Amino acid sequence: MKGKFITFEGIDGSGKSTQLRALEKTLRARGTDVVITREPGGTALGRHLRAAFLETKEKVAPMAELLSFAADRAQHVEHLIKPSIAAGTTVISDRYADATYAYQGARNGIARRQVNQVIRLATGGLKPDLTLFFDIPVEEAIRRMALRRRSHAKKNRMDEETAEFYTRVRRSYLRIARREPKRFVVIDAHRSVGEIQADVVKVITKFIK
Ligand code: ADP
Ligand code: TYD
C-alpha cells in the first residue's frame, strides 16, 4: 500500500516547524515509520539551492524565485517523496506546493496562471493527501519571528517581508482552505505549543491509522 503524503503550511513564524519536531518525536516513540522533510532543502541539491537562494544579497527576480523553488521541489518529488510513498512510508513535509501558490502568488509581476503552470511542472501533479495549515494573525507571526531572530539569529531574506505581504500570503492559504476543505485542515496556531500539539497528534493519528 502507498504511504500517505502530508504537508505542513503556514506563514513564517506560525510555529509549524516547532509542531513538526514535536510530532516527529511522538511518532518515533510509537515506532511509526515516517520520513520528515522540508522545502526548500529536502535533498542535497535542494540544500545548495536553499542556501544560494535564501542567503543571496542580490535582488532576486520574481521568475527566478519561482523557478528556484520549483527546481528544489522537482528534485524533492523525484528523489525523496515519490520513492518513499511508493515504498509505503508516510512522508511529512514542512512546506510544499501550496507555499509557492501562496508566496510567489503574492509577488507582484507573476501571473497566477504562470505560478500554477510551474507548480504542475515541478510536481508532475503530485498533491498532498492531507495538509495542516497553521493559521495565525500576521502581527503575532511577526512578533514570533522577531523573538526567534533574537534567540538564535535564524534569519533569511523572506523574514524581512512586510506585514502587507504576509497578509496576502495568509489570504491565499485561506483561499485554498475554502476550495479544498477536505485536504486542507486549518489549525488555530494562536495558542500554546501544547494545545496545538494535541490537535496535531489527533488529526495525524486519525489520518495515518
Ligand atoms: P515556522 O516554522 O512556522 O516559521 P517556528 O516553529 O520556527 O515557526 O516558530 C517561530 C518562533 O515562535 C520560534 O521562536 C518558536 O519557538 C516560537 N513558537 C512556536 N510555537 C509557538 C507558540 N505556540 N506560542 C508561542 N511561540 C511559539
Ligand atoms: P525557512 O527558513 O524554511 O522558513 P520557515 O522555517 O519560517 O518556514 O524559509 C523558507 C522561506 O521560503 C519561507 O519564507 C517561505 C519561502 N517559500 C516560498 O516563498 N515559496 C515556496 O515554494 C517555499 C517552499 C518556501
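Exceedance of the 32 Å cut-off in Cα-Cα distance is limited, within the set 57/206; 2/202; 25/127; 25/82; 25/182, to 57/206.
Note on the chain: with charges restricted to the Cβ of Lys and Arg (+1) and Asp and Glu (-1), its dipole about the Cα centre is near 280 debye. Of the residues 97, 29, 7, the one whose Cα sits farthest towards the positive end of the charge dipole of region 5-163 is 29 (charges of +1 on Lys and Arg Cβ, -1 on Asp and Glu Cβ, taken about the Cα centre). Three principal axis extents describe the C-alpha atoms of region 1-48; from largest down they are 30, 25, 17 Å.
Which parts of region 115-144 would a label at residue 199 reach, counting a residue when its backbone N lies under 13 Å from a point 7 Å out along Cα-to-Cβ? From region 115-144, the list is 132-137. Annotation: lysines with alpha-carbon distance below 29 angstrom to residue 59 (same-chain offsets under eight excluded): 16, 154, 155. The Kirkwood hydrodynamic radius of the chain, based on inverse pair distances between different Cα atoms, is 17.5 Å. Taking a point 7 Å from the Cα of residue 151 along the Cα-to-Cβ direction, the residues of region 1-39 with backbone N closer than 17 Å to it are 12-23. Label point of residue 29 set 7 angstrom out along Cα-Cβ; within region 88-102, no amide nitrogen lies under 13 Å from it. A crude spin-label estimate for the pair residue 180 and residue 1, with each label 7 Å from Cα along the Cβ direction, gives 2.2 nm.
Just so you know, all these numbers are worked out from the coordinates, no wet-lab data involved. The structure displayed is predicted, hence computed values, not measured ones. Cβ atoms come from the backbone with ideal geometry, glycine included; neighbour counts cover every protein chain shown.
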